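Visitor: To start, I am sharing the structure in question, which I have written as structure tokens.
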Amino acid sequence: MKLALSILLLLLVAAPGSAAPRTMVIGYIGQTRMPPLPLGPLDQPVSDDGLQGARLGIADDDGTGRFLGQNFKLEERVLKPGEAPKDAIASLAATGVTFVVADLDAATLSQAVAAPVADKMLFFNSRAPDDALRQQDCRKNLLHTVPSRAMLADGLAQYFVWKRWQRWFLLVGPHPADQAMAAALRRSAARFGAEIVVDKPWTFRPANGRADTGHVTLQTEIPAATQVGDYDVLVVADEADEFGAYVEGRTALPRPVAGTQGLVASGWSAVNEEWGATQLQDRFRKQAKRWMTAYDYAAWLAVRSIGEAATRLRSLDPAAITAYLRSGDFLLAGFKGQGLSFRTWDGQMRQPILISGPRLLVSSSPQPGFLHQRTPLDTLGIDLEESACRF
Amino acid sequence: MQVLIAILLSMSIVAGPAAAETIYVSNEQDNTVAVVDGASMSLSTTINVGRRPRGMAPSVDKKLLFVAVGDDNRIDVVDLAKRQVIGQLPSGADPEFFVVHPDGKRLFVANENDNLVSVVDIASAKVIGAVDVGVEPEGMAVSADGRYVACTSETTSMVHLMDAGTLELVDNLLVDTRPRAVAFSPDGKQLWVSSEIRGTVTVFDTTSRAETGKIEFEVPGIRREGVQAVGIEMARDGATAYVALGPANRVAEVDTKTLAVRRLYLVGQRPWHVALSDDQKRLVSANGNSGDISFIDLENEEVVKSVPVGRGPWGVVIGP
């Protein structure tokens, strides 16, 4: 006993003084997903979406860490389809992990943050845009680096209002996620003074436009589906990417298409090369041999947030890092032109929303003229006063 | 005739050094260097250079202008008398900013994509050395005595101090998030580093490497995220420093002794870099978003003129 105690003491004494670099192990938990059927021949098939972003974050954290004696390591867990996250969380906790990048859908994420050991951990939601996770289902142990649907819709709405494209035709897919996106868009329209003049569900079965003569069918179906009164812009809510891309160039009236396809609102896009983003995109492409997606970016933000906090504190102490992340002082450089921080009321990272076309960046919201008493970034998403989150 | 000559002579004397001054501005979106006449404050011509010109510096004899053309992975050499590119230097990949060593023989170049500082021998046009630094090296500075070269790394948030002779890193100092520019005080005793995301400038003692001060910039009516410190220019007498504040559309004048911000000049949109005239009476800012440069009369403390120069003005150099 005495021996054990003295060894323990020795370890305790040796640790702070030792010159050896200290290591922070960050957890990553993802899910095996059915790769979506590529809608177009140029679409890149991606199977490690999110994970590659987390890995790049570790490399970037180590960039500063190597000068400060801080090491960063990623402990990866990928759930099989239908697998509950409980065991993976427990195994991460057993390896001493406090911070976990949760690249999970909303239902699995809710299970993860409620796991028995999860109370002592801090999760970074890098996948689920569901507003409920920031509202009634919010958790003290959960931050969000991926933008909420409300933020995406607000970013898009501000751009349309700035353009004076104020009359929308909302075309909504059949899935719950599409309904949720449509709800967010309706909220944004009301908030920023746009009008939804047509609100229609998409009722056709997903067609395979890549079949020979597939375009013939679409050329008949889409004009019929879009045969409505006048509007400025067709806003499509199709998160599963089943039909939205078929709409552009085929509408009954010649109108732009935006939303989940066409002009897209997202936290990140491979087309962004402003604000120094070229370097991030280049690094990512070198590592992953593909373009960086919005999920890669959200996972990168999570890992970089931890690294940035460790840099500023010159410490790997999880409690100190957690406190610092939530403090008003935290600010992360995210290649979107201004510092990013976490909202105190719901743990959401405030950030600009990119508006992108297929080849180029079109704009970035908040738009000029949308003002806020704290920061224009808080014109995007659920604000303090309307938040239903109670930790 | 004699009278005319006398008048001409007297004019040139009255106009002083400003008359002989030329301002060079790199337009990163136009792939040109704009040449602006200092006396008339008007655009004289533009020189075509490689793709995405940003960092610029004159040769020690002021006859050449080196221009980092990042997308072409090289440095273009402009003959200032001929006003055209007469050659190229290697730079390592994606050069953004660089400094000419006081020995006149070497360039120290930040390779933004490769986390390196490359050392280029001008005479032989060869890369003769490379130093590993942090992620996304950007700002470069060299001390007046030539002993130290400093480099910022944007994502690592550090300033790296290296020995210009041995090319070894002397120290790596943590600074505020996303550092951009670095400058030595004229006596070499201080190192100033700007942070884009924090909107601050941190001052270090070069010898002890201790942080001796921090400057915060408050611009009335502009939120914290909108004030971003980028380019730094030090007055020759060491008493004043000028800091471009990016999206705040201001250039700050800082008392280097008290670190107090004396005044803010409203310039064009998104000033990246600033340069002082040889007589130290005028400051020019290159304004990235409004496509112009602003002339600031430092004696009368006012912005006197803005001159359109092209798309995406970034670097600015004032020469004879």
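The values are calculated or read from the model by the stated rules, or taken from the named source; none is laboratory data. Because the structure is predicted, anything quoted here is derived from the model rather than measured. Here Cβ is always computed from backbone atoms with ideal geometry, including for glycine, and neighbour counts include all displayed protein chains. The area values use the complete protein model at the heavy-atom level, side chains included, leaving out ligands, DNA and RNA. Shrake-Rupley method; radii C 1.70, N 1.55, O 1.52, S 1.80 Å.
Visitor: To the nearest 20 debye, what charge dipole does the protein assembly as shown have about its Cα centre, counting +1 at the Cβ of each Lys and Arg and -1 at the Cβ of each Asp and Glu?
Guide: My answer is approximately 640 debye.
Visitor: Over the alpha carbons of segment A:319-358, what is the largest minus smallest coordinate on each principal axis, giving the biggest first in Å?
Guide: So the extents along the principal axes, rounded to whole Å, are 42, 19, 13.
Visitor: Given a cut-off of 23 Å, what percent of all Cα-Cα pairs of segment A:238-331 lie beyond it?
Guide: Here the tail beyond 23 Å accounts for 49 percent of pairs.
Visitor: With the calculation restricted to Cα positions, what are the radius of gyration and Dmax of segment B:276-320 in angstrom?
Guide: For segment B:276-320, the Cα-based Rg and Dmax read 10.5, 29 Å.
Visitor: Over segment A:268-320, with the other protein chains present, what is the accessible area per residue in square angstrom, probe 1.4 angstrom?
Guide: With the other protein chains kept in place, segment A:268-320 gives 35 Å² per residue.
Visitor: With bins 5 Å wide starting at 0, give me the P(r) of segment B:152-193 over every alpha carbon pair, in whole percents.
Guide: Distribution as computed: 6, 24, 26, 27, 16, 2 percent.
Visitor: Would you mind estimating how fast segment A:141-268 diffuses translationally, via Stokes-Einstein at 10 °C and 1.306 mPa s with the Kirkwood radius over Cα pairs, in µm²/s?
Guide: 106 µm²/s
Visitor: Explain nothing, just the number: dipole magnitude of chain B about its Cα centre with +1 on each Lys and Arg Cβ and -1 on each Asp and Glu Cβ, in debye rounded to the nearest 20.
Guide: The calculated dipole for chain B is roughly 460 debye.
Visitor: To continue, here is another question. In bins 5 Å wide, starting from 0, what share of all Cα pairs of segment A:290-353 does each bin hold, as a percent?
Guide: 3, 17, 28, 26, 15, 7, 3, 0
Visitor: I want the local charge near B:Leu174. Using Cβ-Cβ distances under 10 Å, sum +1 for each Lys or Arg and -1 for each Asp or Glu among the other residues.
Guide: Net charge in that neighbourhood comes out at 0.
Visitor: Now for a different question. Report the equivalent ellipsoid semi-axes for segment B:83-193 in whole Å, largest first, defined as the square roots of five times the eigenvalues of the gyration tensor built from alpha carbon atoms.
Guide: 21, 16, 12
Visitor: Please give the Cα centre distance for segment B:56-121 versus segment A:359-390, rounded to the nearest Å.
Guide: Between the Cα centre of segment B:56-121 and that of segment A:359-390, the gap is 41 Å.
Visitor: Distances longer than 21 Å among the Cα atoms of segment B:20-105: what percent of all pairs is that?
Guide: When all Cα pairs of segment B:20-105 are counted, 24 percent exceed 21 Å.
Visitor: Another question about this same structure. Would you calculate the convex hull of the Cα atoms in the protein assembly as shown and tell me its volume per residue in Å³?
Guide: 193 Å³
Visitor: As a test of the definition: which semi-axes, in Å, follow for segment B:59-134 when you take the square root of five times each eigenvalue of its alpha carbon gyration tensor? Largest first, please.
Guide: Those come to 20, 13, 9 Å.
Visitor: Please work out, to two decimal places, the log10 of the ratio I(q)/I(0) at q = 0.09, 0.11 Å⁻¹ from a Debye calculation in which every Cα of chain A carries one identical scatterer.
Guide: Computed log10 I(q)/I(0) values: -0.55, -0.80.
Visitor: Give me D for segment A:95-145 in µm² s⁻¹, whole number, from Stokes-Einstein with Rh from the Kirkwood sum over alpha-carbon pairs, 20 °C and 1.002 mPa s.
Guide: 199 µm²/s
Visitor: Along the charge dipole of chain A, which of A:Ala270, A:Gln287, A:Ile58 sits closest to the positive end, that is, farthest toward it, with unit charges on the beta carbon of Lys, Arg, Asp and Glu (+1, +1, -1, -1)?
Guide: Final value for the positive-end residue is A:Ile58.
Visitor: Still on this model: Nearest 20 debye, what's the magnitude of the dipole of chain A about its Cα centre given +1 on Lys and Arg Cβ and -1 on Asp and Glu Cβ?
Guide: 820 debye
Visitor: While we're here: With unit charges on the beta carbon (Lys/Arg positive, Asp/Glu negative), name the residue among B:Ala68, B:Ser91, B:Val78 whose Cα is farthest towards the positive pole of the charge dipole of segment B:59-122.
Guide: Towards the positive end, the residue furthest out is B:Val78.
Visitor: Using amide H atoms built in the peptide plane, which far-off residues or other-chain residues are under 5 Å from A:Gln31 H to H?
Guide: HN-HN under 5 Å from A:Gln31: A:Leu79.
Visitor: Counting pairs of alpha carbon atoms under 8 Å apart in space and at least six apart in sequence, what relative contact order in percent does segment B:139-193 give?
Guide: Answer for segment B:139-193 is 35 percent.
Visitor: Oh, and also: Using only DSSP helix segments of four residues or longer, with each worth -39500 (n - 2.57), what per-residue ellipticity at 222 nm results for chain B after dividing by its residue count and rounding to 500?
Guide: Roughly -1500 deg cm²/dmol at 222 nm, from the helical runs in chain B.
Visitor: GNM, chain B, Cα, under 10 Å: largest mean-square fluctuation among B:Leu276, B:Leu266, B:Leu65?
Guide: Between B:Leu276, B:Leu266, B:Leu65, it is B:Leu266 that shows the largest mean-square fluctuation.
Visitor: Another question, then. Please figure out what share of the DSSP beta bridges in the protein assembly as shown is antiparallel and state it in percent, rounded to the nearest 5.
Guide: 75 percent
Visitor: Quick one: Cα centre-to-centre distance for segment B:159-205 and segment A:253-318, in angstrom?
Guide: Comparing the Cα centres of segment B:159-205 and segment A:253-318, I get a distance of 28 Å.
Visitor: Another question about this same structure. For chain A, give me the percentage of DSSP beta bridges that are antiparallel, rounded to the nearest 5 percent.
Guide: Looking only at bridges with both residues in chain A, the antiparallel portion is about 25 percent.
Visitor: Please find, in a Gaussian network model of chain A (springs between Cα atoms separated by less than 10 Å), the residue of A:Phe99, A:Phe284, A:Phe370 whose mean-square fluctuation is greatest.
Guide: With Cα springs under 10 Å in chain A, the top fluctuation among A:Phe99, A:Phe284, A:Phe370 is at A:Phe370.
Visitor: In segment B:187-320, how does Rg compare with the Kirkwood Rh, expressed as the Rg/Rh ratio over alpha carbon atoms?
Guide: Checking Rg against Rh, the ratio lands at 0.96.
Visitor: Continuing with this model, one more query. Taking only Cα atoms and a 10 Å spring cutoff, compute GNM fluctuations for chain A and point out the largest among A:Ala190, A:Ala270, A:Ala88.
Guide: Sorting by GNM fluctuation, first place goes to A:Ala190.
Visitor: I've got another one for you. For segment A:101-211, report the translational diffusion coefficient in µm²/s to the nearest whole number, using Stokes-Einstein at 20 °C, 1.002 mPa s, and a Kirkwood Rh over Cα pairs.
Guide: 135 µm²/s
Visitor: Given chain B reduced to its alpha-carbon atoms as identical point scatterers, what log10 I(q)/I(0) does the Debye formula return at q = 0.07, 0.08, 0.10, 0.14 Å⁻¹?
Guide: Relative scattering, expressed as log10 I(q)/I(0), comes to -0.25, -0.33, -0.52, -1.04.
Visitor: Same structure again: Above 18 angstrom, tally the Cα pairs of segment A:281-391 and express them as a % of all pairs, no decimals.
Guide: When all Cα pairs of segment A:281-391 are counted, 59 percent exceed 18 Å.
Visitor: Hey, with R₀ at 25 Å, roughly what FRET efficiency would B:Thr166 and B:Asp61 work out to, going by the Cβ-Cβ distance, to 0.05?
Guide: Taking R0 as 25 Å, the efficiency between B:Thr166 and B:Asp61 is 0.40.
Visitor: Write out the GluC sites (Glu not before Pro) in segment B:228-312 meeting two conditions: DSSP loop, and at most 16 other Cβ atoms within 10 Å of their Cβ.
Guide: B:Glu299, B:Glu301
Visitor: In addition: Taking the Cα centre of chain A as the origin and placing charges on Cβ (Lys, Arg +1; Asp, Glu -1), which of A:Phe391, A:Leu39, A:Ala258 is farthest toward the positive end of the dipole?
Guide: In chain A, that residue is A:Phe391.
Visitor: Between the DSSP loop rule and a limit of at most 15 other Cβ atoms within 10 Å, which GluC sites (Glu not before Pro) in segment A:60-103 are left?
Guide: In loop regions of segment A:60-103 (DSSP not H, G, I, E or B), the sparsely surrounded GluC sites (Glu not before Pro) are A:Glu83.
Visitor: Pairs of Cα atoms under 8 Å, at least six residues apart: use those to get the relative contact order of chain A, whole percent.
Guide: Here the relative contact order equals 20 percent.
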